[in-house]
Amino acid sequence: MFLKFTSMNTIKTWMTALLFFAVAGTTATAQTAEQFSVSTLNVDGLPKRILVFKVNADGPGDDGSARIGKYFQKKGYDLVFMQEDFNYHRVITVLMEDDYKFDTWTGDVDVVDHSIDFLHLQNHRFECDGLMGCWKNDLTVTPGSPVAWTQNFGKFSHAMDEMVTKGYRRYEVTLRGGSRIVVYNMHMDASDDADVDDGLDTEDKNARMAQWTQLKDDIMSRLDNRPVIIVGDVNSLYKRDNVKGQFIDAIRSTGRATVSDVFIELQKNNVYPTYTPDIKLKDEDLEVLAGETLDKILYINPVNGSKLRPISFAVDQEGYQYDGKPLGDHYPLSVVFQIDPSSAAIAEAESEGVNDSSPSSFWNMNGQQVTRPSTGLYIERQGDKTSKRIIK
């Protein structure tokens with residue numbers, strides 16, 4: 001027989017060694033850089049009419065909303081965030097149910113199943129925010145409760161922002177490799193082009209800037225070592241709204257974090273448009289291939305935490321069309337991020353004899369490579385090189 005007794009000291013030595021390698025392996029996995037995709041889209045989900053009143057006659061409706069659900073099902077983004085997800089929520093999400101989990105839907109905009117005092121409509125507000133978060137089944141996400149903006153403007157005019165409970169939602173996300181991030185999804189006050197023409201959009205701009213300040217205060221009050229991603233229909237243009245001064249520069253000035261707009265970083269070499277307070281810049285003045293959009297994806301890297309790095313940015317035009325027409329009044333934005341472990345985490349891993357923080361192979365989403373849009377703007381960064389393609 002080849003069996004023999006081993007001393008207890010020898011057994012303890014082997015158990016210690018096995019435990020060390022198990023812990024080291026776990027540490028290595030947790031500190032490996034990984035990539036993931038994020039998409040944001042205003043799904044234009046207001047009803048075509050309420051009673052006899054036209055509300056969103058040219059919106060996607062049932063048929064278009066079903067195609068929006070198919071779009072997300074096909075693209076397979078890791079994290080999807082929607083705005084104006086009101087009356088067609090079920091139509092959009094039913095096709096995504098096999099692959100995604102969802103945040104709580106807060107309801108539609110209609111008179112059915114709503115208690116409305118028609119004699120005092122000026123006091124009515126639909127208690128829904130139209131915000132929705134969706135994430136792949138293999139991600140761990142803790143959604144927070146909806147937070148309403150403390151300042152809005154416009155009840156029966158100025159884009160009627162006070163008719164719904166606009167605000168933001170905060171999500172704590174653990175990625176597949178163990179990295180952790182925070183995401184904010186939001187919808188800010190809008191400006192009507194007619195008000196811009198007449199120079200009557202001052203209160204709209206003031207409401208948006210109050211919302212940016214509220215958002216900044218919330219982010220900074222909770223900032224830790226996790227990077228933060230900000231997405232949504234912010235209705236803000238850098239020339240028209242002082243977002244850079246009151247949000248981006250204000251956070252940078254604390255010395256606690258850096259802030260960047262992915263589009264500005266990859267497309268504009270980090271040069272922001274100059275804020276011009278008196279400019280009459282309307283939504284229709286935007287050219288998505290040449291300038292910014294009302295939808296944005298920004299990210300914040302805490303000084304002493306893990307770091308996000310955008311790898312690619314896309315505005316998908318052709319992929320979001322049917323019979324030559326857009327499915328809604330916004331195009332989807334998407335970004336592939338890479339998250340790199342913090343230097344402190346790397347040092348800790350190396351002190352334990354582990355050095356496995358090199359980037360993984362180019363982003364692969366459950367075996368699916370990133371799909372470049374047939375038409376639109378596509379920006380990709382590999383290493384120190386950035387390539388841009390405008391596909392017409």
Practice task
Go through Met163, Met82 and list them by solvent-accessible area, largest first, probe radius 1.4 Å.
Solution key: Met163, Met82
Practice task
Once you have the Cα-Cα distance between Gln321 and Asp58, take 0.36 nm times their residue separation minus that, and quote the gain in nm to one decimal.
Solution key: 93.3 nm
Problem - Accessible heavy-atom area order of Asp241, Asp224, highest first, probe of 1.4 Å - result: Asp224, Asp241
Fill in the blank from the handout: Taking 65-74, 249-258, 94-103 and ranking on average Cβ neighbours within 10 Å, highest first, one gets 65-74, 94-103, 249-258
Practice task
Grab the other residues whose beta carbon is less than 11 angstrom from that of Leu131, score K and R as +1, D and E as -1, and report the net.
Solution key: -2
Problem - Backbone HN-Hα couplings from phi across the range 320-332 [Karplus 6.51/-1.76/1.60, Hz, Gly and Pro as x] - result: 10, 10, 9, 6, x, 10, x, 5, x, 8, 9, 9, x
Practice task
Past 18 Å, Cα to Cα, is the threshold; run Lys136/Lys325; Lys75/Lys307; Lys239/Lys307; Lys75/Lys101; Lys101/Lys216 against it and keep the listed order.
Solution key: Lys136/Lys325; Lys75/Lys307; Lys239/Lys307; Lys101/Lys216
Exercise for the section: Convert 20 °C to kelvin, take the viscosity as 1.002 mPa s, use the Kirkwood radius over C-alpha pairs of the range 213-331 as Rh, and evaluate the Stokes-Einstein diffusion coefficient in µm²/s, rounded to a whole number. Expected result: 136 µm²/s
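The values are calculated or read from the model by the stated rules, or taken from the named source; none is laboratory data. None of the values given here were measured: they were computed from a predicted structure. Here Cβ is always computed from backbone atoms with ideal geometry, including for glycine, and neighbour counts include all displayed protein chains. Quick note on the areas: whole protein, heavy atoms, side chains included, nothing else; ligands and nucleic acids left out. Shrake-Rupley method; radii C 1.70, N 1.55, O 1.52, S 1.80 Å.
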